[in-house]
Amino acid sequence: MDVLLSHPLQALILSNAALVFGASIALLRFQRLVRQNREFWDSPTGATVQADTVQADDEAKDRLVGRNAQATGDAEAVLAGFLECRLAKIHERLDDLADRIERDTGSPPAAEPLFSHAVRLAQNGASAADLVKACGLNEAEARLMCRLHARSAA
């Protein structure tokens, strides 16, 4: 090792090779992340989120996202704020649909909306696996419900 470091040119070449290697690894990870992101937005779930985002109440979304981002300065908080806003919009739509069904049929809907039940289970400490079994959610949706609605350990 002393022989390599005794020649500055060899040390420079070695350090440059290490930097190129590190940059290559970072680039490969970034490409994988971009591919995963593109696959999500091309999926039915991503297309629904994208369509709903255009119609979202920008003021409420900005308020929730800004409040969480200022509180923690964390990317997860920004995402959680956005998802909370989206979930609130979904709840509003479900309530509107329930009102419309009640108006049209004269009686309230027979079954409780799926997500309301999942929210209540998550608030009562159910695990993601429990939500998958009880509500028919996929694993990602169940984990999201647990993260958004689980009681804090504090």
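Measuring max minus min along each principal axis, the C-alpha atoms of segment 1-42 give extents of 54, 14, 5 Å (largest first).
Sequence-ordered 3J(HN,Hα) estimates for segment 118-135 from the Karplus curve with 6.51, -1.76 and 1.60 and θ = phi - 60° stand at 5, 4, 5, 5, 5, 5, 8, x, 5, 7, 4, 4, 5, 5, 4, 5, 6, 10 Hz, glycine and proline given as x. Stretched out straight at 0.36 nm per residue, the stretch from residue 42 to residue 117 would grow longer than its current Cα-Cα span by 24.2 nm.
Counted by Cβ distance under 15 Å from residue 100, the other residues give a net charge of -4, where Lys and Arg count +1 and Asp and Glu count -1.
Values in this text are rule-based calculations from the coordinates and carry no lab data. Note that the structure is a prediction, hence the values are computed from the model and not measured. When we count neighbours, we look across all protein chains shown, and the Cβ atoms used for this are built from the backbone with ideal geometry, even at glycine.
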